[in-house]
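Reviewing the structure listed below.
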Amino acid sequence: MSVRPPLREQVYRSIRNDLMSGQIAPSERLGEERLAHLYGVSRTPVREALAKLESDGLVERDEHGLFPYRPHLDELGGLYELRILLEVHGLRRVLDGEAHAHDRDALGSELDKWYAFLKQMPVPDAGFVTLDEEFHIALLASSGNHALVDALQAVNSKLRPVRMFDYLTPDRMKATVEEHISVVELVLDGKIPQAHEALVSHIDISRAVVLDRARQALSLAAMANAVRN
């Protein structure tokens, strides 16, 4: 018998889904009392859900209260460029220096996780971005430079709200799982140049999807103010 998640988690997912689908207008102030009435709960789980959403970067606070996050479209390309530079450097430092090598045990554990996803594909969900980030962090960390990891985590926090749009369809879920597996298998086989090419292609595809959906949002009435161009 499945166990229902705590109420705060249920409210968090409901608000997050409504933010991602545009059911909550981008110009709408996220007041606790009104949301509690909307979801049929007390203000406490709403308050907890909003705090988590703010931590995720999906809502932001100004002098008037909390509102859905409105990303700057012209910043996304630069952030993705920085992300690629950081991630591929983890591969290059291993390729260029005999003293460096990937942590095979750590990569093996990560690969097992994604093999399991391939056997039972996750349901499309915006929260999948967290697992995707964990993969890329693990891959970079396995190269041994933790300063690069810290920098990637900072970039991820800025991209996360928009990248959640990348995991709303079964085809994107399947492609992500298969591409992750391919990259790690190449690394473990010592085929670093091919892994480098596969990793860049993987991130570029994600970037194209995210930027396309961000641009599409500009033409949707429900999202007309969600992206500042």
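The values are calculated or read from the model by the stated rules, or taken from the named source; none is laboratory data. Predicted, not measured: the structure shown is a model, and the values here were computed from it. Virtual Cβ from ideal backbone geometry, glycine too; neighbours counted across all protein chains shown. When the accessible area is computed, the model is the full protein with side chains, heavy atoms only, and any ligands, DNA or RNA have been set aside. Shrake-Rupley method; radii C 1.70, N 1.55, O 1.52, S 1.80 Å.
One table, with the values for the structure above:
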read-out: Candidate set: the stretch 110-148, residues that are in contact (Cβ under 8 Å) with a residue 12 or more places away in the chain and small (Gly, Ala, Ser); chosen: the one nearest to residue 164 (Cα to Cα); value: 126
read-out: Residue among 60, 75 that alone is acidic (Asp, Glu) and modelled with pLDDT of 85 or more; value: 60
read-out: Residue count, the stretch 90-123 (criterion: open to solvent by less than 60 Å² (accessible area, probe 1.4 Å) and in a loop (DSSP other than H, G, I, E, B)); value: 3
read-out: Check on residue 81, open to solvent by 20 Å² or more (accessible area, probe 1.4 Å) and not basic (Lys, Arg); value: yes
read-out: Close pairs from the stretch 55-74: first on the phi > 0 side of the Ramachandran plot, partner surrounded by 15 or more Cβ atoms within 10 Å (Cβ to Cβ) and among the aromatic types (Phe, Trp, Tyr), Cβ under 6 Å, at least 6 apart; value: 57/69
read-out: Restricting the stretch 159-173 to residues that are in a helix (DSSP H, G or I) and open to solvent by 40 Å² or more (accessible area, probe 1.4 Å), the residue that is farthest from residue 207 (Cα to Cα); value: 170
read-out: Matching entry among 156, 229, 225 (being at pLDDT below 95, out of contact with any Lys or Arg (no Cβ under 6 Å at 6 or more places or on another chain), of a type outside the set (Lys, Arg) and crowded, with 17+ Cβ neighbours inside 10 Å); value: 156
read-out: Matching residues in the stretch 129-144 - criterion: being open to solvent by less than 10 Å² (accessible area, probe 1.4 Å) and over 19 Å from residue 189 (Cβ atoms); value: 129, 132, 136
